[in-house]
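Asker: One structure is given below, represented as structure tokens, and several questions about it will come after.
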Amino acid sequence: MKKKVLIVFILLLVLCGALIVSANASSLFGPRNQKTVVISQEEYDRLSRFKKMDTILQYVETYYIEEPDTDKMIENATKGLLFALEDPYTYYYDAEEWQQMWENDEGEYGGIGIMMLGNPEDYSVTITQVFRDTPAERAGVLRGDVLVRVEDLEVDFYSMQNAVNIMRGTVEEPVEIEVKRGEEYITFQIPRAIIHVNRVEYTMLDGDVGLIALYDFAGESEKEFTAALDVLKQQGAKALIVDLRNNGGGWVDSARQIGDLFLDDGLLFYSEDRYGNREENAMKAGADDIPLVFLINQGTASASEILSGGLHDRGRATLVGTQSYGKGIMQAVIPLGNNDEDGFQMTIEQYFMPSGEKVHKIGLTPDIVSEMPEELATVYFALGDLADPQMKDAWNAAKDLIKD
């Protein structure tokens, strides 16, 4: 089972579903003529905590003016249970969301092949990546296009998920989208296809510098990264830039495996739960000694901070860019039910750099500060374009690390 930055493990949760110990287990809370079961005092005390909720449910089932959808009520109560923790990283996935989450991780679904980012300030939705060899790429959609319409839906920050739902669907059926490119509005009719998401792009830069852009830690990103590194070294790369800008993280195991490429031993990071139990994430022998530069910004978070921060803390990498996001906590992703039809994620640990440095709500401070000029903040540069001032600073730093 994969692990998320989120350290992911599988738990069997005994909660509301497990309360059904007979055909009418609500007898625990109400004087009805029903069969009874024998349970321990500990189990009874635990179930009694839900007495108020069950009493309300019985009233609704009996007296509400319309036949209630009790499954929906329980599902929303489950959401509320986790919402009360006031943790934005702890939440419930219904069956549809659970399926979509795993489809996203596997990187294969019926769609057109774009990644989007919503701006909460002006509510715009920008296409931040067009995946290779997809209908969107073949139609001419470009990174940096602003998505304004999908079919009859006007797209903004709040309707973005609805737009995603429309664009995903039956393979070969067309979907119409409209984008704004500069001052021009362009409409595309794009047939859906099975999309295979590329997590990694790479290229050689002048001066024997290789570049790998890693977009997230999902699917088989560690394998894609390793393959890209091998190709770049064969092409003569003597230093490597890893672009983690706007990489919000993903599976911690992927970050750990990539980190293991560059460290022979010792820790990449360690984590602690609320009881102070410590888990160390040590590397094994066989590291590559290529000089490393990580390009980070305010969107670099979670697994990205584990990888770049851990290698930096061990003196193995130079950081260029701006302060990272500062998500230094990890979540477990937990299936519910016998058929894993839904599930939830929950914050369980905080991670630290090998030196003990805290990341959460602080972030990583770059060795070389490189701000993106305001007038270029919304420009999406081609891979390795040195007109990108942050990329140019990273390139200069990488060249300085190459030994003659």
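Asker: Can you tell me which residues in the range 126-159 are under 17 Å from residue 104 (Cβ atoms), crowded, with 17+ Cβ neighbours inside 10 Å and either within 19 Å of the chain's Cα centre (by Cα) or aromatic (Phe, Trp, Tyr) (or both)?
Answerer: Within the range 126-159, 127, 129, 130, 131 qualify.
Asker: Condition first: among the hydrophobic types (A, V, I, L, M, F, W, C), in the same structural domain as residue 238 (by TED's automatic domain parsing) and free of Cβ contacts under 8 Å to residues at least 12 places away in the same chain. Can you find one or more residues in the range 302-319 that meet it?
Answerer: No, the range 302-319 contains no residue that is among the hydrophobic types (A, V, I, L, M, F, W, C), in the same structural domain as residue 238 (by TED's automatic domain parsing) and free of Cβ contacts under 8 Å to residues at least 12 places away in the same chain.
Asker: Going residue by residue through the range 59-73, is there one that turns out to be among the charged types (D, E, K, R) and surrounded by 15 or more Cβ atoms within 10 Å (Cβ to Cβ)?
Answerer: No, the range 59-73 contains no residue that is among the charged types (D, E, K, R) and surrounded by 15 or more Cβ atoms within 10 Å (Cβ to Cβ).
Asker: Going through 388, 367 one at a time, which residue ends up being among the charged types (D, E, K, R) and in contact (Cβ under 8 Å) with a residue 24 or more places away in the chain?
Answerer: After ruling out the rest, the residue left standing is 367.
Asker: Give the residues of the range 52-73 that are in contact with a helix residue (DSSP H, G or I) (Cβ under 6 Å, 6 or more places away or on another chain) and in contact (Cβ under 8 Å) with a residue 12 or more places away in the chain, sorted by residue number.
Answerer: 54
Asker: Given the condition under 23 Å from residue 399 (Cβ atoms) and surrounded by fewer than 22 Cβ atoms within 10 Å (Cβ to Cβ), answer yes or no: does some residue in the range 322-333 qualify?
Answerer: Yes, that holds for at least one residue.
Asker: Right, here's the next one. Exactly one of (1) of a type in the set (D, E, K, R); (2) modelled with pLDDT under 95; (3) over 30 Å from residue 196 (Cβ atoms); (4) outside the structural domain of residue 178 (by TED's automatic domain parsing) is unmet by residue 94. Its number?
Answerer: Just one mismatch for residue 94, condition (3).
Asker: Right, another one. Evaluate the following for residue 350: is it surrounded by fewer than 17 Cβ atoms within 10 Å (Cβ to Cβ), in the same structural domain as residue 306 (by TED's automatic domain parsing), polar (S, T, N, Q) and part of a strand (DSSP E or B)?
Answerer: So residue 350 passes the test.
The values are calculated or read from the model by the stated rules, or taken from the named source; none is laboratory data. Please read all numbers here as calculations on a predicted model, not as lab measurements. FYI the Cβ positions are ideal-geometry reconstructions off the backbone, even for glycines, and counts take in every protein chain you see.
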